[in-house]
Every structure is written in structure tokens, then in C-alpha cells.
1. How far, in degrees from 0 to 90, does helix 42-91 lean away from the longest principal axis of the Cα atoms of the chain, to the nearest 10?
2. How much accessible area per residue does the chain have, in Å², with a 1.4 Å probe?
3. When the accessible area of the chain is split by element with a 1.4 Å probe, what percent falls to carbon and sulfur?
4. Obtain the radius of gyration and the Kirkwood radius of segment 15-94 from its C-alpha atoms and give Rg over Rh.
5. Using label points projected 7 Å from each Cα along Cα→Cβ, tell me how many nm separate Ser90 and Met32, to one decimal.
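The values are calculated or read from the model by the stated rules, or taken from the named source; none is laboratory data. Computed from a predicted structure; not experimentally measured. Here the Cβ is made from the backbone with ideal geometry for all residues, glycine too, and neighbour counts use every protein chain on show. Remember, those area values only see protein heavy atoms, side chains included, never the ligands or the DNA or RNA. Shrake-Rupley method; radii C 1.70, N 1.55, O 1.52, S 1.80 Å.
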Amino acid sequence: MNHSSTWPLWVVSREPRAARATLVLCFVSFSMVSAAALSVGVRGIWLELLLSAGFLVWATAQWVCVERRRHRESAFRRDVERYINALSRSSAPE
């Protein structure tokens, strides 16, 4: 019996488009905080820098997880289609 595996708890955006958008937003946030850290100094903004870096790492890991699952599912679908086509060709009368 084939059933889909459960998602890890830390994966919030389960669709590829949403995961990619989350990654882009976290990257923009990290870029903005980094630019602010350059002008203000790291001492005044270290917590924001740490949080934005953490969210960027999380969003990247989430995107990788979603993309791997998408590729695995599409490969499985292709294999099933090949198997069904092979069965239908072998059972077709000649």
C-alpha cells in the first residue's frame, strides 16, 4: 500500500510556490537587516540579524524539502505511467 509520508513539523509552506515565496521574503528580510547592520553597526541590531539569519536558514531548508518531495513524487508518477503503458502494450492483442 502506497501512502504519502508526513511532513516534518517545521515545514509550513508545503506547496513549491509558497515555499519559494517564503524563501524570497526571508532573503529580502535578511538583506534589509544586513544593510541596516552596516549603517548602524552590529551591536545595535545583533538580535534582528540573528533572527533574520535563522529565518533564512529555515526557509532554505523548507524550500529544499518541498522541492525534493516534488521531484520524488513526479518521478514516482512517471514510473507508474511507464508501468501502466508497459502493461497495456503487453496485454494488447497483436
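1. For helix 42-91, the angle is close to 10 degrees.
2. Working: 7550 Å² over 94 residues.
Heavy-atom accessible area per residue stands at 80 Å².
3. Working: 4940 of 7550 Å².
After summing per-atom areas, the C and S share lands at 65 percent.
4. Working: Rg = 22.5 Å, Rh = 15.7 Å.
So for segment 15-94, dividing Rg by the Kirkwood Rh gives 1.44.
5. The answer from the label model is 5.9 nm.
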